[in-house]
Amino acid sequence: MLMAKLIYNKTKQGKEIPSGEKIKNAAEEMGVLFGCEDGICGTCMIDIVSGEGNLSELTQPEKDLERDKKHRLACQCKIKKGDVVIDF
Ligand code: FES
């Protein structure tokens with residue numbers, strides 16, 4: 001199975017995620033807080049330090065909350081490949 005990696009900028013610790021899967025569980029283990037898990041509440045806002053091209057495209061709920069490629073909602077992102085470094 002092809003794996004990708006989510007990395008927390010502050011600790012440089014990474015978690016492997018199968019390509020194409022949501023980052024939610026790995027982000028939650030890193031300490032990202034979640035609320036609705038549906039792109040509505042904005043609780044799970046994260047900054048993308050690098051590797052934004054390795055994430056799925058912005059969803060409509062993210063656009064509605066004026067998110068962009070460097071500022072995502074962790075409940076909405078899937079990881080495609082490679083490394084993605086996040087901060088929060
Ligand atoms: S948990 Fe509510 S927007 Fe992500």
Report the charge-dipole magnitude of the chain in Debye, nearest 20, computed about the Cα centre from +1 at each Lys and Arg Cβ and -1 at each Asp and Glu Cβ. 300
Please tell me the relative contact order of the chain in percent, rounded to the nearest whole number, where contacts are Cα pairs under 8 Å and at least six residues apart. 40
Here the Kirkwood hydrodynamic radius of the chain, Cα-based and in Å, equals 12.5
Mind checking which of ILE40, VAL84, LEU58 is farthest towards the positive end of the chain's charge dipole, using Cβ charges of +1 (Lys, Arg) and -1 (Asp, Glu) about the Cα centre? VAL84
Output the peptides 49-56, 30-37, 67-74 sorted from most to least packed, where packing is the average of other Cβ atoms within 10 Å over each peptide's residues. 67-74, 49-56, 30-37
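Throughout, read-outs are computed from the coordinates displayed, never taken from laboratory work. Predicted model, so just to flag it, every value in this text is computed and none were measured. We place every Cβ from the backbone using ideal geometry, glycine too, and count neighbours over all the protein chains shown.
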